[in-house]
Amino acid sequence: MLTAKQHELLVFIDKHLRETGCSPSFEEMKAALDLRSKSGIHRLISALEERGFLRRHKHRARALEVLRLSDDLAPPPRPLPAFAPNVIQGNFSGKLPGVRSAHEAGAVSLPLYGKIAAGLPIEALRDNEAEIEVPVALLGAGEHFALEVEGDSMIEAGILDGDTVIIRRGETAENGQIIVALVDENEVTLKRLRRKGQSIALEPANIRYETRILPPERVRVQGRLVALLRRY
């Protein structure tokens, strides 16, 4: 299958040979095909030779022989479809197509008790009337509450200062889970739980902070981390 330019050159060479008895010069071929340089003619001739349409006789000037003609042209490239951008308008007063509201998506309101570095047990924070909407898909069975993170002790676990953590209330947790722990009945902290023999280790996720190892009677699990929300 020949391209349009290859076919055009082949026909021109054949016609020139029939009319003059010799092959055309590169300059004549360049002008006939309206090409800018002779290198384009070289490439076309090489392609025709490789496909068995032309033969070049060595050691003879302007010696081209047409072996066969072909009407088999490569189909022209299909035109690209017109570009029609799908633009989202900047007016967001209405609902975007395909985007559900919080209620349609199944969101629930959870109590936002306060900052987890506040140094108070969860029970002391329950008077806070703030709430936050959370998609139901982030939650499982059980009772949940939210806390705002203050500090950088868990940054290597992807929990940053100002994030909101969603906690499933409970008094038990598996080894390695991130929990809300109440220490000595007056300090709330978010740490990873590690059990070391008869002791409890509250492990930060930041090398700048030390792991606290405490007897189990000083630590009470308030819940475990199930989700995290972040505003940008």
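Is one or more of the residues making up segment 183-205 in a loop (DSSP other than H, G, I, E, B), at pLDDT 90 or above and surrounded by fewer than 20 Cβ atoms within 10 Å (Cβ to Cβ)? Checking segment 183-205: at least one residue is in a loop (DSSP other than H, G, I, E, B), at pLDDT 90 or above and surrounded by fewer than 20 Cβ atoms within 10 Å (Cβ to Cβ).
For (1) farther than 19 Å from residue 111 by Cβ; (2) β-branched (Val, Ile, Thr), each residue gets a yes or a no:
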{"position": "146", "(1), (2)": "no, no"}
{"position": "155", "(1), (2)": "yes, yes"}
{"position": "201", "(1), (2)": "yes, no"}
{"position": "211", "(1), (2)": "yes, yes"}
{"position": "228", "(1), (2)": "no, no"}
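Would you mind stating whether residue 208 is under 16 Å from residue 161 (Cα atoms), of a type outside the set (S, T, N, Q), in contact with a strand residue (DSSP E or B) (Cβ under 9 Å, 6 or more places away or on another chain) and not in a strand (DSSP E or B)? Spell out the reasoning first.
Values: under 16 Å from residue 161 (Cα atoms): yes; of a type outside the set (S, T, N, Q): yes; in contact with a strand residue (DSSP E or B) (Cβ under 9 Å, 6 or more places away or on another chain): no; not in a strand (DSSP E or B): yes.
No: the conditions fail for residue 208.
It is to be established whether one or more residues within segment 164-176 are in contact with a Phe, Trp or Tyr (Cβ under 6 Å, 6 or more places away or on another chain), under 18 Å from residue 229 (Cβ atoms), touching a residue at least 24 places away in the same chain (Cβ under 8 Å) and surrounded by 20 or more Cβ atoms within 10 Å (Cβ to Cβ). Yes, segment 164-176 contains a residue that is in contact with a Phe, Trp or Tyr (Cβ under 6 Å, 6 or more places away or on another chain), under 18 Å from residue 229 (Cβ atoms), touching a residue at least 24 places away in the same chain (Cβ under 8 Å) and surrounded by 20 or more Cβ atoms within 10 Å (Cβ to Cβ).
Residues that are open to solvent by 40 Å² or more (accessible area, probe 1.4 Å) and closer than 18 Å to residue 67 by Cβ, at least 1 per element: which helices (runs of 4 or more DSSP H) completely within segment 1-56 meet that?
On the way: elements: 4-20, 26-33, 38-50.
Answer list for segment 1-56: 4-20, 38-50.
The values are calculated or read from the model by the stated rules, or taken from the named source; none is laboratory data. Values in this document were obtained by computation on a predicted structure and should not be read as measured data. Counting neighbours? That spans all protein chains shown, and the Cβs are built from the backbone with ideal geometry, glycine included. When the accessible area is computed, the model is the full protein with side chains, heavy atoms only, and any ligands, DNA or RNA have been set aside. Shrake-Rupley method; radii C 1.70, N 1.55, O 1.52, S 1.80 Å.
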